[in-house]
Amino acid sequence: MWTNIATISYSATAVAFLFLSILLLTSWRGRLYGMMLAIACVVSALWAATTAINTVWGYSFTSLVIILEILRNASWSAFLILLIGPFQTKSDNLPQPRFRRSVIFITLVYLFFISYSIYAFQDDSLAPGIPIKNLTAIMGCMIMAIIGIILVEQFYRNTPPEKRWGIKFICLGIGTIFTYDFYLFSDALLFRYINFDIWATRGIINTITVPLIAVSAARNPKWTVGISVSRQVIFYTAASFGTAIYLLVMAGTGYYLRFSGGKWGSILQVSFLFGAVILLIGILFSGTIRSWLKVFISKHFYSYNYDYREEWLRFTRTLSEEKGELKERAIQSLAQLVESPGGGLWLRQDTGLIVPTEQWNIPHTNETVRENSSFCEFMEQKDWVIDLNEYRTNPTTYAPLVVPQWLLETPDAWFIIPLIQHGKLFGFVVLIKPRSKIKLNWEIRDLLKVAGNQATSYLAQEEASRALMVARQFESFNRMSTFVVHDLKNLIFQLSLLLSNAEKHKNNPAFQDDMIQTVNLSIGKMKRLLEKLSNSHSLDKPDKIFLNQLLQEIVESKSIFEPRPVFVAHPTGLVVSAERTRLHRVISHIVQNAIEATPKDGTVKVCLCQKNKKAVIEIQDTGHGMSEKFVQERLFKPFESTKSAGMGIGVFESKEYIQEIGGTLEVSTEEAAGTTFFITLNLLNSTAENERI
């Protein structure tokens, strides 16, 4: 019964692959990829048919089945290699294309197993249910399965994400074939015979993969998927091969311990395998091993040490990350280029010293260097990356350089990278000994030099941003001080005018009342000014302001001046939302300017009206007016004034605040005819609501 199941299983596989190969051959248009896929399907169909016949005939020609199985694996591997790219091209810095070393290695592996199967395998050497005498055959089948799994993984990994839609099913199909083979033969290696159930199911599994391969073949009629092969292919391939070989050796050793250890065999096997797995995990996560492997691959597989695109992307990504301090990221980005595990950053200060500002994975130090020292002058003039190990061995190489003694006494200090900005030394980075041995040649020097310049630009930008922030803080403080001084000037002017008229009108009751009112207002302004200075970070909350009442107060406070301003109120209450103190100050300043610009026999009028659902305050005077050029170029700019004692910020502050609350400040003027300021403010409520208030 089991024989019939196996025969049906493999026969179905043969029919499925034969049908797919016919479809591929009939739709082939001369593309090498399609031809290779068709060959792989034909060989797979031939292998499955031979296996089914061999099952019916009692495993009479198992050797032929083994040879066809090797050819099947080889054809699928060749198809994957063809898609990945079997050659190193000119883009890999080669004058002429040549086969990749991994391709040569895989080819030799398959040639060895084909030759070995012809001369060494017996007809019943791999028949299911029969004890295996030759473990080499099983090991060979497992190695071929591992090669196939690695090729599928590399093919999928190195396909651009936007193009994986067309190849994901064939990767799943071929990957399933090789993964199931690995499962079948690893089980056989463990129990020393091929399990008939797993072997019979193998045909069904292979049949299931045919539709998956067909879907990808339909999606990729030309198989032009644009594979991009990088150094990561070699790195991960080498790591995968090393891991696979390690696991095979450990599995064989564990198998030996189990059968030669007597009563302790099982305990020794389990203990050994767990220890081997822990050791493997430690190796895989070891930064030193990874660094050594990358350096080894760069030296022996490529003309240049770096994949500059990948390195520059990683360098820029590290510098641009938002987590952590930029100074630490600058050290990390430079250290990654030479696989260094740590370093320190020294930056120039205004004191003339270059001091340590950041350490990464190294002890803290307080050692400083003077900016005018010979050490700094050498780095500034030469812009050389200094190899301290080379300097310790032969100091004349860097003559006339004199490295500070504390750097020479630091045993792990290895590279010194100068940071140059606009021809001046901005600082330097000291990196400790790399995880793997690196010779500082021209390529590494140039890369570190360019990367150092890039890191310097980031650090300089951060320093400039910090300086700008401090400057803005001082600017904000100075601006606040300017407004305070301006308010004090106005108060002093009012009190001085009051005193100048006191002797003349001190017996006038009306003047006395105005004097008391002016002093009270001045005291109130001073108190509010002190409150603001003591609570510089607090903001006044907007108030509901009745404009009739506010303007009346402003006009009354100016009644001691000549000409006396006149207020024309609106018949209904107009209400706005603003900080009462600031709005009072800005309007009062404009009224005061109008009074000062108007002769004593002139007029100053303050009118309140409503236009287009907005409150409009008009401040009119019959003074000397202003020129159009002055209005456009100087009126609303800070620190521009026509007064001998003026500061030129009153109108500027007025416009700034009025715009801040959503209003506008406009002016209409004519020389020798007068000036009118128009202050337009948003009403808080409608007119009807204001009347109810």
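Please treat every number below as a calculation from the coordinates, not as lab data. Predicted, not measured: the structure shown is a model, and the values here were computed from it. Don't worry about glycine lacking a Cβ; one is built from the backbone with ideal geometry, like all the others, and counts go over all protein chains shown.
By how many nm would the segment from Lys168 to Gln405 lengthen if fully extended, with 0.36 nm per residue of separation less the alpha-carbon distance?
Numbers: separation 237, 0.36 × 237 = 85.32 nm, distance 5.97 nm.
Gain in length upon complete extension: 79.3 nm.
Over 28 Å between Cα atoms, which of Lys527/Lys629; Lys163/Lys449; Lys424/Lys637; Lys544/Lys613 qualify? Intermediate values should be presented prior to the final figure.
On the way: Lys527/Lys629 39 Å; Lys163/Lys449 37 Å; Lys424/Lys637 39 Å; Lys544/Lys613 17 Å.
Going by Cα-Cα distance, Lys527/Lys629; Lys163/Lys449; Lys424/Lys637 fall outside the 28 Å limit.
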Exercise for the section: Would you list which aspartates and glutamates come within 15 Å of Lys437, measuring only between C-alpha atoms, while excluding same-chain residues fewer than 8 positions from it? Expected result: Glu339, Asp387, Glu390, Asp412
Problem - Residues Leu313, Leu683, sorted so that the one with the fewest Cβ neighbours within 10 Å comes first - result: Leu313, Leu683
Handout entry: Net lengthening on full extension, Leu353/Glu596 (0.36 nm per residue, minus Cα-Cα)
Key = 81.9 nm
Handout entry: Gln659-Ile278 pseudo-label distance in nm [points 7 Å out on the Cα-to-Cβ vector]
Key = 7.2 nm
Handout entry: Within the range 585-613: backbone nitrogen closer than 19 Å to the Ala672 label point (7 Å, Cα to C-beta)
Key = 597-603
Completion exercise
Pseudo-spin-label distance Thr397 to Cys607, built 7 Å along Cα→Cβ, given in nm, is 8.9 nm
Practice task
For Arg219 paired with Glu371, estimate the spin-label separation in nm (one decimal), with each label point 7 Å from Cα along the Cα-to-Cβ line.
Solution key: 6.1 nm
Practice task
Between beta-carbons, use under 15 Å as the cut-off and find the net charge around Tyr156, counting Lys and Arg +1, Asp and Glu -1.
Solution key: +3
Problem - Rg/Rg_globular for the range 166-206, with Rg_globular taken as 2.2 N^0.38 Å and Rg from C-alpha atoms - result: 1.31
Completion exercise
Cα-Cα longer than 24 Å, checked against Lys525/Lys655; Lys504/Lys558; Lys525/Lys600, kept in input order, equals Lys525/Lys600
Practice task
Pop the C-beta distance of Trp384 and Ile198 into the FRET formula with R0 = 51 Å and round what comes out to the nearest 0.05.
Solution key: 0.20
Practice task
Kindly rank 511-524, 608-621, 575-588 from highest to lowest mean number of other beta carbons found within 10 Å of each residue.
Solution key: 575-588, 608-621, 511-524
Practice task
Be a star and scan the range 454-473 for residues whose amide nitrogen sits under 19 Å from the point 7 Å along the Cα-to-Cβ vector of His422.
Solution key: 454-472
Fill in the blank from the handout: Scalar couplings 3J(HN,Hα) for the range 569-585 by Karplus 6.51 cos²θ - 1.76 cosθ + 1.60 (θ = phi - 60°), nearest whole Hz, x for Gly and Pro, are 7, 8, x, 10, x, 10, 10, 10, 10, 6, 6, 4, 4, 5, 5, 4, 5
